[in-house]
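I have placed the structure first, in the form of structure tokens, so that the comments after it can refer back to it.
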Amino acid sequence: MYYKSTRNSGVNVTSAQAIAQGISKDGGLFVPSELPKITMEDITALGEKSYAERALFVFSKYLTDFTEAEIRYCVENAYNGKNFDTENIAELAHLFDGTYMLELWHGPTCAFKDMALQILPFLLTTSAKKQNLGKKIVILVATSGDTGKAALEGFKDVEDTQILVFYPRDGVSAMQKKQMTTQEGSNVGVCAIEGNFDDAQNGVKAIFTNEEIADRLDKAGMMFSSANSINWGRLAPQIVYYISTYAQLVKDGEIKAGEKINIVVPTGNFGNILAGYYAKKMGIPVNKLICASNANNVLTDFISTGIYDRNRPFHTTISPSMDILISSNLERLLYHLCGEDDAQIREWFGKLAETGRYEVTDEVKKLLSEEFYAGCCDDAETKKCIGEIFDKYSYTCDTHTAVAVKVYEDYRKATGDTTRTVIASTASPFKFSGSVLSALGEEVTGDEFDLVGKLSDKSGMTIPASLAGLKDKEIRFTQTVDKQNMKDYVFKALGI
Ligand SMILES: *Cc1c(COP(=O)(O)O)cnc(C)c1O
């Protein structure tokens, strides 16, 4: 097993190299040279195992250059009852007959990003050690909220790493800001920038690709790496929970081994749903992968027409982690669907960079419509859906998850398909208390902690300890810089 680049099939690196580098030098994303197969015997055996053991099984198929002891070290440090508030790590809740919510938000920051970012630091440092890079790894993150906090929690106090997070000063929720500015750990830095998320993202990219800065880091014994979902080390951990869920459903007698399921995913950067596609290609019986978008419905249009066109208004919605017009991980899917034709990928993504638009071939369109169903809904429909789920099933879900439930209901009406279905639930409702309370017809007044308290009263759910505990935490990071000065902040924080 080795990894090649979506923009150059001739690239041949180990998983440790792919993870430490993050992105290929040609601008392509790393993909595995083959998709390992799992059998129904494997599934039955996995049903008896813990989440960490299931992760060990899946990783050993992809990280073939790691020893078993190395993988064990990574999974045991990540997936334990200390970091997650449930032994099961990913919790499976019944919504209604044959429909299950896969709750991926029981980690320290209450969003599904924890599933990958709790393990990525261990995968990264192990990858660096294996190559004798002998360098401290510096992670730079631009965040619109969820990724920054999840990365901070993952990397805090991890040896030989340092993490610096930039967020738009006025572009994150009060709770998200509190989560980041109170971050503990001796190797972390958090800085607001005067500007929006794009400014933060562009600033980080400019630092990342500047050779002079890379030289300066190199001389100081450091190197940059990436913690966002273009890194294979973030994608592989997401395959685990789809395989684990299938094994659990079989073990619980909810489905028979071999029976197909649907998977519904609220989608932004296309990372989470792509992991579902990989699980399917490995042998998990999946009928449809259902891609749910909010008003930023570029993927809905793409999957139904084969035309990707980002030239459209950007909407700020109540499901902000899906407010995205360029879904980077789509490049990996298209590479597989077009027969791993790197020239074709260079052409399409060249067009995307130049004009914001490309159209895939009829053959790829056909494959897309066989594998995927896509739908979208706006904020009003999302809120209505939160209210209906609460009334009908006494289940409180967050705004992102509600988009998935609504699109699934539309799918079921349109097709009559009653295949058992797993819906990815990507955030705790407490992370978006204001929007959820308003959807439930409650008044939205007070600060972020008042809202969390009100939502707890209304829903009967316990406030996650990590959010409740923020109230008394000291604010550690108050600095704001101009986007031009991000570089100086980085030098100062690294002491170089
Ligand atoms: C990041 C995120 C998403 C989107 O996931 P992708 O992998 O980018 O498609 C959905 N919901 C929540 C809560 C998120 O934080």
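Between A424, A404, which is assigned to a helix (DSSP H, G or I) and on the phi < 0 side of the Ramachandran plot? Break it down into steps so the answer makes sense when it comes.
Values: A424 fails: assigned to a helix (DSSP H, G or I).
Checking each option against the conditions leaves just A404.
So that you can scan it fast, the table gives a plain yes or no per residue for (1) at pLDDT 90 or above; (2) open to solvent by 20 Å² or more (accessible area, probe 1.4 Å); (3) within 18 Å of V265 (Cβ to Cβ):
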position	(1), (2), (3)
S321	no, yes, yes
I324	no, yes, yes
S327	no, no, yes
R332	yes, no, yes
H336	yes, yes, yes
A343	yes, yes, no
R346	yes, yes, no
G350	yes, yes, no
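I'm trying to understand the selection: among the residues of region 372-393, which are surrounded by fewer than 17 Cβ atoms within 10 Å (Cβ to Cβ) and in contact (Cβ under 8 Å) with a residue 40 or more places away in the chain?
D378, K384, G387, K392, Y393, listed by residue number.
Any chance region 116-136 includes a residue that's within 14 Å of the ligand (Cβ to nearest atom) and modelled with pLDDT under 95?
no
Is there a residue being open to solvent by 10 Å² or more (accessible area, probe 1.4 Å), under 14 Å from C376 (Cα atoms), in contact with a strand residue (DSSP E or B) (Cβ under 7 Å, 6 or more places away or on another chain) and within 16 Å of the ligand (Cβ to nearest atom) anywhere in region 303-319?
Initial filter on region 303-319 (open to solvent by 10 Å² or more (accessible area, probe 1.4 Å)): 303-305, 307, 309-318.
Still in the list and also under 14 Å from C376 (Cα atoms): 303-304, 315, 317-318.
Filter again for in contact with a strand residue (DSSP E or B) (Cβ under 7 Å, 6 or more places away or on another chain), leaving 303-304.
Imposing the further condition that a residue be within 16 Å of the ligand (Cβ to nearest atom) reduces the set to 303.
Yes.
Look at A279 and say whether it is within 16 Å of the ligand (Cβ to nearest atom) and in contact with a Pro (Cβ under 6 Å, 6 or more places away or on another chain).
No, not satisfied.
If you go through region 28-50, how many residues are open to solvent by 30 Å² or more (accessible area, probe 1.4 Å), in a loop (DSSP other than H, G, I, E, B) and either under 12 Å from N231 (Cα atoms) or acidic (D, E) (or both)?
2
Could you give every pair whose Cβ atoms fall below 7 Å, whose first residue belongs to region 471-484 and is over 30 Å from A206 (Cα atoms), and whose second residue is open to solvent by less than 80 Å² (accessible area, probe 1.4 Å), counting only separations of at least 6 or pairs across chains?
Sorted first by the residue in region 471-484, then by its partner, the pairs are K471/F449; K473/T182; E474/T182.
Yes/no matrix, rows are residues, columns are (1) surrounded by fewer than 18 Cβ atoms within 10 Å (Cβ to Cβ); (2) small (G, A, S):
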| site | (1), (2) |
| --- | --- |
| A128 | no, yes |
| L140 | no, no |
| S144 | no, yes |
| T147 | no, no |
| A150 | no, yes |
| E153 | no, no |
| K156 | yes, no |
| D160 | yes, no |
| I163 | no, no |
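Give the residue, chosen from L467, L437, that is without any contact (Cβ under 8 Å) to a residue 40 or more places away in the chain and crowded, with 18+ Cβ neighbours inside 10 Å. Reasoning before the result, please.
Numbers: L467 fails: without any contact (Cβ under 8 Å) to a residue 40 or more places away in the chain.
That would be L437, the only listed residue that is without any contact (Cβ under 8 Å) to a residue 40 or more places away in the chain and crowded, with 18+ Cβ neighbours inside 10 Å.
Considering each residue of region 165-177, count those that are open to solvent by 30 Å² or more (accessible area, probe 1.4 Å) and either away from the ligand (no atom under 16 Å from the Cβ) or touching a strand residue (DSSP E or B) at 6+ places or on another chain (Cβ under 9 Å) (or both), and give that number.
4
Tally the residues that are under 24 Å from D378 (Cα atoms) and without any contact (Cβ under 8 Å) to a residue 40 or more places away in the chain, restricting the search to region 440-450.
Going through region 440-450 one residue at a time, the tally reaches 4.
Of all residues in region 224-247, which are touching a strand residue (DSSP E or B) at 6+ places or on another chain (Cβ under 6 Å), farther than 15 Å from P36 by Cβ and among the hydrophobic types (A, V, I, L, M, F, W, C)? Full working, then the answer.
First, pick out the residues of region 224-247 that are touching a strand residue (DSSP E or B) at 6+ places or on another chain (Cβ under 6 Å): 224-225, 227, 232, 245.
Filter once more, keeping what is farther than 15 Å from P36 by Cβ: 224-225, 227, 245.
F224, A227 - these are the residues of region 224-247 that are touching a strand residue (DSSP E or B) at 6+ places or on another chain (Cβ under 6 Å), farther than 15 Å from P36 by Cβ and among the hydrophobic types (A, V, I, L, M, F, W, C).
What residue, of K205, K256, is part of a helix (DSSP H, G or I) and away from the ligand (no atom under 16 Å from the Cβ)?
Answer to the check: K205.
Is there any pair linking a residue in region 87-100 that is of a type in the set (V, I, T) to one that is open to solvent by 40 Å² or more (accessible area, probe 1.4 Å), with Cβ under 8 Å and at least six apart or on different chains, and which?
Within 8 Å, the pairs are T99/R420.
Can you give me the number of residues within region 182-203 that are open to solvent by less than 10 Å² (accessible area, probe 1.4 Å) and more than 14 Å from V141 (Cβ to Cβ)? Steps first, please.
Step one: filter region 182-203 for residues open to solvent by less than 10 Å² (accessible area, probe 1.4 Å), giving 182-183, 189-193, 200.
Among the residues that remain, those that are also more than 14 Å from V141 (Cβ to Cβ) are: 182.
Qualifying residue count for the region: 1.
Does region 12-26 hold any residues that are open to solvent by 30 Å² or more (accessible area, probe 1.4 Å) and either over 22 Å from K281 (Cα atoms) or within 22 Å of the chain's Cα centre (by Cα) (or both), and which are they? Before the answer, list the steps.
Keep residues of region 12-26 that are open to solvent by 30 Å² or more (accessible area, probe 1.4 Å), which gives 12, 14, 17, 21, 23, 25-26.
Within region 12-26, Q17, Q21, I23, K25, D26 meet the criteria.
Six or more apart or on different chains, Cβ atoms under 7 Å: show the pairs whose first residue is in region 58-77 and in contact (Cβ under 8 Å) with a residue 24 or more places away in the chain and open to solvent by 70 Å² or more (accessible area, probe 1.4 Å) and whose second is of a type outside the set (S, T, N, Q) and not in a helix (DSSP H, G or I).
Partner pairs satisfying both residue conditions: T64/M1.
Considering only region 204-223, how many residues are open to solvent by 30 Å² or more (accessible area, probe 1.4 Å) and either among the aliphatic types (A, V, I, L, M) or in contact with a Phe, Trp or Tyr (Cβ under 9 Å, 6 or more places away or on another chain) (or both)?
The total comes to 6.
May I ask you to say which residue of V422, V481 is of a type outside the set (G, A, S), within 21 Å of L92 (Cα to Cα) and at pLDDT 95 or above? It would help to see each step written out before you state the result.
Details: V481 fails: within 21 Å of L92 (Cα to Cα).
After ruling out the rest, the residue left standing is V422.
Which residue, of V407, V481, is under 25 Å from the mean Cα position of the chain (by Cα) and surrounded by 17 or more Cβ atoms within 10 Å (Cβ to Cβ)?
Values: V481 fails: under 25 Å from the mean Cα position of the chain (by Cα).
It is V407.
Give the residues of region 208-232 that are in a helix (DSSP H, G or I), among the aromatic types (F, W, Y) and away from the ligand (no atom under 16 Å from the Cβ), sorted by residue number. Write out each step before concluding.
The initial filter retains those residues of region 208-232 that are in a helix (DSSP H, G or I), namely 208, 211-219, 232.
Imposing the further condition that a residue be among the aromatic types (F, W, Y) reduces the set to 208, 232.
Within region 208-232, just F208 meets the criteria.
Based on this model, can you work out whether I273 counts as at pLDDT 95 or above, within 13 Å of the ligand (Cβ to nearest atom), open to solvent by less than 10 Å² (accessible area, probe 1.4 Å) and closer than 30 Å to G145 by Cβ?
Details: at pLDDT 95 or above: yes; within 13 Å of the ligand (Cβ to nearest atom): yes; open to solvent by less than 10 Å² (accessible area, probe 1.4 Å): yes; closer than 30 Å to G145 by Cβ: yes.
Here the answer is yes, as I273 does meet what is asked.
The values are calculated or read from the model by the stated rules, or taken from the named source; none is laboratory data. Predicted, not measured: the structure shown is a model, and the values here were computed from it. Ideal geometry is used to build each Cβ from the backbone, glycine not excepted, and the neighbour counts take in all protein chains shown. We work out accessible area using only protein heavy atoms, side chains counted, and drop any ligands, DNA or RNA first. Shrake-Rupley method; radii C 1.70, N 1.55, O 1.52, S 1.80 Å.
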